[in-house]
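Have a look at the structure below before the remarks.
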Amino acid sequence: MFLFFALASWVHLAQSQRVVTKAYPTLGNPTTALATFDGRFVFVSVTNVGAANFKGPDAAAGSRSDVVSGIQVFRVKKGRLLPETFVRVGGKGANGLVLLPGSKTLVVGAGDAGVAFLDVHDAIRGRGVPIFVSQGAEAGVFDVVASRDGRYVFSANEYGVVDEQRGSVGVIATNIDVSGRVHEPKAVGRIAMGDVVPSITISPDGSRLYVATELLPAHRTVTVAGADNPALAKQDCVQKKGTAAHGNGFISVIDVGRAISHPTVEAILSRVASGCSPVRIAESNDMSSLYVSARGDNAVLEFDVKKLESNPVNAFRQTMATGGHAPVGLRLFQHDQWLAVANSNRFSDVDGTLAFLKLRAPSAKPLLVSAGTFPRNIGLAHDAGILYLTNYTSRTLQVIDSKGIAQ
């Protein structure tokens, strides 16, 4: 039986601006929330169901077999979320989510178990049995995206070792049929991407992948543009007090066609330094701007998309303060006029915030909404006004109605 309650509150941002938020409890630590295209359901990936929060290092989180992870399903009814069911994915983690075209198959980044494929119809009824595609030992699969036709899935394998680099991008052929269901999905290959790869996104036209890598590879020399820009290239990145400083990370641009036909580093078109621990990426719908959350810099970086390939040394546009600490999740909304940022406070025990950055007024201060502990990722309902924020440590799904924000 589900225990259900929601905490609702109005948050005044400024004169004539306010949002309403509601917090719904989740069965475990939530990472990603994904709304169905018809708006009837929200899928939430949860770990540590029925167990305490994990205190160990991130690299060990995906390898545990003593916990339950899976997908919690909420039904949307009259603006509220009702807990519908839970589908166990396994004890290896449940992280990023993507729906394949046709909305018949849900894809899950499942930690060390690899990439999981779930039938949506079965998942909503609590009886789904996942099909797994391995990404190698201790891969720690986190994020997943799909090609526009659903024939391929690409995964951010956070710790998967390829060519002596601890982090890779996986390429999987789904063998999707005309109804949207997959049949015997198979791994095509893996591309070495550096050290720690938490995030991947795909361009609106499906031609490019953008990948975040937290650190330069320790055992390989790679060419990274922007190495002379002090806003991007650093050696004093410290995330948690008392830990050693390290260098900057970078983002990579991958040609999707090449990645499918020849999944090696030859598919990488460019690499650009991206400050301290770049962890999430969002691209504007017109494919002109790319936004990267630099967690260790407490900032979001903006890049010119075209220049990332044609002139990567000069692709960087600006640094935007987020009004908080350790920003992680990003989401563009309201026709890309606003960027929502999850200020996670990842390395402290205090609650985080959700920041709203008005992109047409870059000098304006961020508008802040209170969040739970470790706000992680931001989902978006298809009416573009409702945001779903996963508060990982406090185990809540926060629903934010952003329609009160002035245009």
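The values are calculated or read from the model by the stated rules, or taken from the named source; none is laboratory data. Worth saying up front: this structure is predicted, and the values here are computed from it rather than measured. All Cβ positions, even for glycine, are placed from backbone atoms using ideal geometry, and neighbour counts span all protein chains on display. All accessible areas refer to the heavy atoms of the entire protein, side chains included, with ligands and DNA or RNA removed. Shrake-Rupley method; radii C 1.70, N 1.55, O 1.52, S 1.80 Å.
Here are a few things to note about the model shown:
- Over all Cα atoms in the range 179-302, the spread is summed up by Rg and Dmax: 15.5, 53 Å.
- Taking every protein chain into account, the accessible area of the chain amounts to 41 square angstrom per residue (probe 1.4 Å).
- Scaled to the globular estimate 2.2 N^0.38 Å, the Cα spread of the range 83-168, given as radius of gyration, is 1.09.
- Were the residues from Gln239 through Arg220 laid out at 0.36 nm apart, the gain over their Cα-Cα distance would be 4.5 nm.
- Rough spin-label spacing in nm, given labels placed 7 Å along Cα→Cβ, for Phe37 and Ser103: 0.8
- In whole angstrom, the range 136-252 maps to an equivalent ellipsoid with semi-axes of 31, 15, 12, each derived as √(5λ) from the alpha carbon gyration tensor and ordered largest first.
- For the range 288-407, the average shadow cast by the Cα convex hull is 7.5 nm², which is a quarter of the hull's surface.
- 10 Å binning of all Cα-Cα separations within the chain, expressed as whole percents from 0 upward: 5, 25, 36, 27, 8, 0
- Within the accessible area of the range 229-326, the carbon and sulfur atoms contribute 49%, probe 1.4 Å, all protein chains present.
- Whole-Å distance, taken between Cα centres, linking the range 123-192 and the range 257-278: 17
- Inter-probe distance in nm under a simple model that places probes 7 Å from Cα toward Cβ, at Val20 and Ser261: 5.3
- Full-stretch length increase - Arg317, His183 - with 0.36 nm per residue and alpha-carbon distance subtracted: 43.9 nm
- A straight chain from Asn229 to Asn285 at 0.36 nm per residue would run longer than the Cα-Cα distance by 17.4 nm.
- Length-normalised contact order for the range 110-248 - Cα pairs under 8 Å, 6+ apart - percent: 16
- Lys403, Lys55, Lys22, reordered so the largest accessible area comes first (probe 1.4 Å): Lys55, Lys403, Lys22
- Residues Val129 and Asp205, FRET efficiency given R0 of 35 Å [Cβ-Cβ distance, rounded to 0.05]: 0.55
- Anisotropy class of the range 347-407 from Cα gyration tensor, a/c 1.5 cut: oblate
- Solvent-accessible surface (1.4 Å probe) assigned to Arg181 amounts to roughly 80 Å².
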